[in-house]
Structure formats: C-alpha cells, structure tokens
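The values are calculated or read from the model by the stated rules, or taken from the named source; none is laboratory data. In this text the structure is predicted, and so the values were computed from the model without any measurement. Methodologically, a virtual Cβ is constructed for each residue, glycine included, from the backbone with ideal geometry; neighbour enumeration extends over all protein chains shown.
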C-alpha cells in the first residue's frame, strides 16, 4: 500500500508517521516566556543529531492558535531545557501535556520541583534523571505554525546514582528507566534490549567459508 502524503490530510500523515516511527524518545521541554513565566510540555518528535558540536532537534507541530508556547518561548528567548522521562514520572509528564491557556505554569500544575540550570535561564525538572541545557541554533518553519528547532547542548545533568564511572562517562542506562512514545496513546519501556557488534572491514569469512 502506498500513501501519497502530498494529497492526504495532515491527520492521516500524522498517523502513518507516528505509528511507524517507534519508539520515539520524549523531550520534556522547559522554557521561559518574556515575562519569566515557566512552561513545560512533552514532545516526541525529538532526537540527538550529533556530538561535535552536541546538537539536538525538536519538532513542534501546529497549533490552531499559532506557535505553541514552547516554540514561541524558544524563538523569543533562545534557550530551553530538555528533561528525559522515567516511567515513574509519566503521570506528571502527562499533566504538563494539557492544553492550558498561555501563561499557565504546567510545572506547578503537575507538582514538580525544579533546580536552577547553569548555562541557561529555564530551570530543569529536579526528579528527571537526565537534563540537557540547550541554546537555540536555528528554527526552521516547516509549515504553518510548525517548526523544527535545532539546539546546541551546553550542559548535561545526570543524577549521580546513575553514574558507574563519572570520569569515563559510563552511565547505567537501563537504570534510568526511560520511556518512549509508541503508536496512538501507547508508551514503550527501554528495558528489552540486545547487543550487536558493528562489523569492521575487511569482513571476516563466514563460519565454514
């Protein structure tokens, strides 16, 4: 079956992409507006895009009212913090996804404590095991009120209990217990994994060859 996305409505395109691009990591984004009011919201069109320099990309979809608060705040202030989401915080994360009026503090609504960031003004979520402090590099308008945010990661915070060897940046990744978005309203756990070593050239002869 072939779907021509240039002729189909947006809701069908969303279903096709979101149901097949899984799992998707969740960026729980904290920003500040021009008045210093806090905003928090989760986004799953997100990933790291490189390490030299450290770069992230965040897709923020359309809103009938115009740019979503997150996108508007990033455009205005040029800073944001991405917090990663462990399973124990999915309830609070879901609270911050509410379609609240502009100016509502979703962090307070969800009962979340924050910690001061070191490189940017927006705070980070205290209970999140990992947080990326980011500065805007570029914002690309990909459609009416839909943007792609490219950010530079200035600092990474990882809770000490998840560090096996801090000097080597050896992290107990499974213990982070992070969740990801799946299809529809489903979420996925990051506990089911396997290892596969990358091959090197020249390729070794197959067994018995």
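Numbers at a glance
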read-out	value
Among the residues listed as 62, 57, 13, the single one being more than 18 Å from the chain's Cα centre (by Cα), within 14 Å of residue 146 (Cβ to Cβ) and surrounded by 13 or more Cβ atoms within 10 Å (Cβ to Cβ)	13
Any hit, region 5-21, residues being touching a residue at least 12 places away in the same chain (Cβ under 8 Å), within 20 Å of residue 71 (Cβ to Cβ) and in a strand (DSSP E or B)	no
Strands (runs of 3 or more DSSP E) wholly inside region 117-205 containing at least 2 residues that are more than 25 Å from residue 32 (Cβ to Cβ)	163-165, 179-181, 187-189
Selection count, region 181-190, where residues are touching a residue at least 60 places away in the same chain (Cβ under 8 Å) and under 17 Å from residue 14 (Cα atoms)	5
Lone unmet requirement of (1) surrounded by fewer than 20 Cβ atoms within 10 Å (Cβ to Cβ); (2) at pLDDT 95 or above; (3) within 25 Å of residue 184 (Cα to Cα); (4) touching a strand residue (DSSP E or B) at 6+ places or on another chain (Cβ under 7 Å) for residue 83	(1)
Flag if residue 36 is in a strand (DSSP E or B) and exposed (fewer than 14 other Cβ atoms within 10 Å of the Cβ)	no
In region 165-187, the residues that are surrounded by fewer than 15 Cβ atoms within 10 Å (Cβ to Cβ) and either within 19 Å of the chain's Cα centre (by Cα) or closer than 19 Å to residue 127 by Cα (or both)	172, 173, 174, 175, 183, 184, 185, 186
Scan of region 39-54 for residues that are in contact (Cβ under 8 Å) with a residue 24 or more places away in the chain, more than 11 Å from the chain's Cα centre (by Cα) and in a loop (DSSP other than H, G, I, E, B), ordered by number	53
